Amino acid sequence: MKTAEFFATHPVFSLDEATMALAPKGGRLGTVERLKYHLRAGTLKLAARGVYAVVPSGVLADRFQPDPLLVASAVRPDGVFSHHSALELLGAAHSVWHQCTLYVEQRRR
């Protein structure tokens, strides 16, 4: 898959997802180098360690804030949204919180 296609279909993704989808010749190291290039170019923003967000065209990377629910999902793909986060996803929340709640089996180390 080409990098532009991957960015168009994955607004927030992890390094592992990018490595599997892009499959560069250098493996994981090749993916890291490619993502570093896009970070310097301003087309990507580092959302968390190993999690990247695609910056929409016409928006400065410094001012861009990725969707926190997408970031949480990329950080903990095994997590289940709960409490107010689940209500937001279902469209039943009456307010917006800037915090996501996920239940996971084990703590992240």
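Restricting to the stretch 8-27, give me the number of residues that are loosely packed, with under 13 Cβ neighbours inside 10 Å and more than 16 Å from the chain's Cα centre (by Cα).
Here the count works out to 4.
For the stretch 63-77, which positions are within 14 Å of the chain's Cα centre (by Cα) and not small (Gly, Ala, Ser)? Step through it out loud before you land on a result.
Kept after step one, since they are within 14 Å of the chain's Cα centre (by Cα), are these residues of the stretch 63-77: 64-77.
Listed by number, the residues that qualify are 64, 65, 66, 67, 68, 69, 70, 71, 75, 76, 77.
Count, please, the residues in the stretch 65-88 that happen to be surrounded by fewer than 13 Cβ atoms within 10 Å (Cβ to Cβ), closer than 18 Å to residue 53 by Cβ and without any contact (Cβ under 8 Å) to a residue 40 or more places away in the chain.
1
Collect the residues in the stretch 37-62 that are of a type in the set (D, E, K, R), at pLDDT 95 or above and either farther than 28 Å from residue 109 by Cα or more than 15 Å from the chain's Cα centre (by Cα) (or both), keeping them in residue-number order.
Of everything in the stretch 37-62, just one residue is of a type in the set (D, E, K, R), at pLDDT 95 or above and either farther than 28 Å from residue 109 by Cα or more than 15 Å from the chain's Cα centre (by Cα) (or both), namely 40.
Can you pull out every residue in the stretch 27-54 that is under 17 Å from residue 71 (Cβ atoms) and among the aliphatic types (A, V, I, L, M)?
Once the filter is applied, which keeps residues that are under 17 Å from residue 71 (Cβ atoms) and among the aliphatic types (A, V, I, L, M), the stretch 27-54 yields 35, 39, 44, 46, 47, 48, 51, 53, 54.
The values are calculated or read from the model by the stated rules, or taken from the named source; none is laboratory data. Quick caveat, the model's predicted, so the values are computed rather than measured. Methodologically, a virtual Cβ is constructed for each residue, glycine included, from the backbone with ideal geometry; neighbour enumeration extends over all protein chains shown.
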